[in-house]
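Note sheet for the following structure.
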Amino acid sequence: MVGYNFEPKECLDIIREMDIPCVKGNHDAYCSDEVAPDGLNPRASEHVEWTRQQLTEDDRAWLRSLKYAEGLADFTIVHARLNLPERWGYVSDKVAAAESFAHQKTQVCFFGYTHVPVTFIREKGFMRAPVVRGGTYTSFKVERQNQYFVNVGSVGQPRDGDRRAAYVTYYLVEQVIELRRVPFEVPPNDPGNASVPGQPNRPRPLVTKTAMR
C-alpha cells in the first residue's frame, strides 16, 4: 500500500476508511518499522525513509498490526507466498507455487509482490498425483477439483510491460476470476523530486521498473 509512490498518508486514509481486509506487504513492513531493512537499494531506502516521515504513529501501528496472510469466506489473500510469508519469497515459477500450495487451505489464494498477473493451478487428476502449471490469464472459471494461486498484478506499479493499472474481480457466484486493466496517467510535473515547486524533499519515484524480479 505504501513505499513506492507519493501521498502514502492519503492512500492509507482511504483504505482505512473503507475498512476492508488487508494484508501486510514488504514495503508496508519496511515503512512501519523503526529499523532500516537490509538489502534495499539506495533509492528504495530513500523512499522508505521519506514514507515513514509522511505517516503518523497511528498509521505505522496500523500497518504493523496487519497479518501476513488472511483467510476470508472462500479464499485467502497474501502478499508473497503462504510458506513463510514474512520472508517475502517470490513466486514466479511452478516450483515456488507448489511450495505455497502445500500451505493453501482454500481453493483460491490471491497474491502480489512480483506485480505481474499470472495464475498457477494445482490440478487434481483422477488416479494421478496433482500437477502444477502456470501462465498468464484474462478470465477463467474456477473448477471445483483444482486449487488456484493467482497474482492480481499491480494498480500502482505494473511490471509486465502493460502500463495500465491491473486488478482482479472474483465473481463468487459464477466462480469466475477476471483480470481488469484501467489506463491512468502519471502527471508530467510530478516526478517526485526537489526541483518541482511545492514538492520539496521528495525522493525520485520508484515507478520506472517494469521487469519482473
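Worth pointing out:
Rundown of residues vs (1) charged (D, E, K, R); (2) within 18 Å of the chain's Cα centre (by Cα), yes/no style:
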{"site": "12", "(1), (2)": "no, yes"}
{"site": "29", "(1), (2)": "no, yes"}
{"site": "35", "(1), (2)": "no, no"}
{"site": "41", "(1), (2)": "no, no"}
{"site": "44", "(1), (2)": "no, yes"}
{"site": "52", "(1), (2)": "yes, no"}
{"site": "61", "(1), (2)": "no, no"}
{"site": "64", "(1), (2)": "yes, yes"}
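- In the set 62, 50, 88, only one residue is closer than 20 Å to residue 153 by Cα, surrounded by 15 or more Cβ atoms within 10 Å (Cβ to Cβ), among the hydrophobic types (A, V, I, L, M, F, W, C) and touching a residue at least 40 places away in the same chain (Cβ under 8 Å); that residue is 88.
- Test result for residue 168, modelled with pLDDT of 95 or more and under 21 Å from the mean Cα position of the chain (by Cα): yes
- Residue 5 surrounded by fewer than 20 Cβ atoms within 10 Å (Cβ to Cβ) and within 17 Å of the chain's Cα centre (by Cα): yes
- Subset of region 118-131 that is in contact (Cβ under 8 Å) with a residue 12 or more places away in the chain and not in a loop (DSSP other than H, G, I, E, B) - its residue that is surrounded by the fewest Cβ atoms within 10 Å (Cβ to Cβ): 123
- The residue that is surrounded by the fewest Cβ atoms within 10 Å (Cβ to Cβ), counting only those in region 35-44 that are under 21 Å from residue 112 (Cβ atoms) and either without any contact (Cβ under 8 Å) to a residue 60 or more places away in the chain or hydrophobic (A, V, I, L, M, F, W, C) (or both), is 39.
- Any pair with Cβ under 6 angstrom, 6 or more apart, that starts in region 104-117 at a residue that is touching a residue at least 60 places away in the same chain (Cβ under 8 Å) and within 16 Å of residue 142 (Cα to Cα) and ends at one that is part of a loop (DSSP other than H, G, I, E, B) and not charged (D, E, K, R): 110/152
- Selection of region 65-82 for residues being surrounded by fewer than 17 Cβ atoms within 10 Å (Cβ to Cβ) and in a loop (DSSP other than H, G, I, E, B) yields 67, 72, 73, 74.
- Members of region 16-27 that are within 22 Å of residue 75 (Cα to Cα) and either part of a loop (DSSP other than H, G, I, E, B) or modelled with pLDDT of 95 or more (or both): 16, 18, 19, 20, 21, 22, 23, 24, 25
The values are calculated or read from the model by the stated rules, or taken from the named source; none is laboratory data. Worth saying up front: this structure is predicted, and the values here are computed from it rather than measured. Heads up, the Cβs are rebuilt from the backbone with ideal geometry, glycines too, and the neighbour counts pull from every protein chain shown.
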